[in-house]
Amino acid sequence: MPSADRRLQPRRKPRQVRAELTRERILDAAAHVFAEYGYAAGTTNRIAEHARISIGSLYQYFPNKDSVLAELLVRHIDRSAWTQADQLDLSPGSLRTMARALVRDAIDNHRDDPQLLRIMIEEASFSQELLDTIDRHGKQRVSQVRDLLARHPDVRVRDLDTAAELILFTVEMNTHKHMADPRSIPEETLESELTDMVTRYLGGDWQPPRT
């Protein structure tokens with residue numbers, strides 16, 4: 001493992017409930033500190049103080065604040081699984097409802113403090129664990145959406161694999177951008193426009209090129 005990657009690795013993976021609770025308390029405290037003070041001023045001393053532990057105890061779990069932020073992003077990604085997908089109505093005429101549910105889930109999963117979300121996007125260093133998490137989550141999400149597209153009778157796209165990846169990339173990137181800077185456009189407008197776009201694309205609301 002490269003030295004730069006070791007710098008981002010948590011020192012200690014909790015094996016007991018008490019240790020896991022301490023680790024989660026550190027991450028919760030870091031999320032609050034980074035959102036309130038920004039990344040530069042969000043020191044490990046402030047994180048330890050907010051978590052009500054000693055700085056020495058914090059360093060038993062994380063070597064520096066870079067590793068804390070990387071772990072926050074890992075946690076954010078792991079918590080953003082689309083858990084309601086299996087409950088969707090896939091009957092004829094429900095395509096827009098399915099599209100809205102996908103968009104709504106992306107928005108709901110990015111409701112962290114906008115300042116914290118912006119910090120995680122702009123400042124987080126990419127540890128191997130983070131890269132592995134992003135890859136695993138991406139594959140799971142694409143597979144999940146592809147399965148829904150394959151089962152919905154109103155879907156008219158020609159390549160389900162490509163469609164699933166395009167939809168997720170478009171929705172995720174626009175949601176990230178909006179939630180990191182919510183002043184850009186109203187949330188209701190973002191949800192409505194993304195839903196319209198996804199519905200029209202999946203339903204084949206386009207004219208084929210003339211030959």
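The values are calculated or read from the model by the stated rules, or taken from the named source; none is laboratory data. Predicted model, so just to flag it, every value in this text is computed and none were measured. With ideal geometry, Cβ positions are generated from the backbone for all residues, glycine too; neighbour counts draw on all protein chains shown. To get the accessible areas, we keep the full protein, side chains included, count just its heavy atoms, and leave off ligands, DNA and RNA. Shrake-Rupley method; radii C 1.70, N 1.55, O 1.52, S 1.80 Å.
Full extension of the segment from Ile121 to Asp135, taken as 0.36 nm per residue of separation minus the current Cα-Cα distance, would add 3.4 nm.
Could you look at the chain and say what percent of its accessible area is carbon and sulfur, using a 1.4 Å probe and all protein chains?
Working: 6020 of 12140 Å².
Here it works out to 50 percent.
With a cut-off of 13 Å between beta carbons, the residues surrounding Gln84 carry a summed charge of -2, where Lys and Arg count +1 and Asp and Glu -1.
If you average the sequence gap of Cα pairs under 8 Å that are 6 or more apart and divide by the length of the chain, what percent do you get for the contact order?
On the way: 209 pairs, mean separation 51.3, N = 211.
This gives 24 percent for the chain.
Take the Cα of Ser184, step 7 Å toward its Cβ, do the same at Ser80, and the gap between the two points is 1.4 nm. Determine, at each q value in 0.23 (inverse angstroms), the log₁₀ of I(q)/I(0) that the Debye formula gives when each Cα of the stretch 28-89 is one equal point scatterer. For the requested q values the scattering log ratios are -0.90.
How much of the calculated P(r) for the stretch 87-156 lies past 14 Å, in percent of all Cα pairs? Could the numbers behind the result be given before it?
Numbers: 1714 of 2415 pairs.
Cα-Cα pairs of the stretch 87-156 separated by over 14 Å account for 71 percent.
Evaluating 6.51 cos²θ - 1.76 cosθ + 1.60 at θ = phi - 60° for every residue in the stretch 185-194, the Karplus couplings come out as 9, x, 4, 4, 5, 4, 4, 5, 5, 5 Hz, glycine and proline recorded as x. Per the helix-only calculation at 222 nm, which mean residue ellipticity applies to the chain, given -39500 (n - 2.57) for every DSSP H run of n ≥ 4 and division by its residues, nearest 500 deg cm²/dmol? The per-residue figure over the chain is -21500 deg cm²/dmol.
Charging the Cβ of each Asp and Glu at -1 and of each Lys and Arg at +1, and nothing else, the dipole of the chain about its Cα centre rounds to 660 debye. Would you compute the Debye intensity of the chain from its alpha-carbon atoms alone, equal scatterers and no solvent, and pass along log10 I(q)/I(0) at q = 0.08, 0.13, 0.17 Å⁻¹ to two decimals? Calculated log10 I(q)/I(0) at the listed q: -0.36, -0.81, -1.13.
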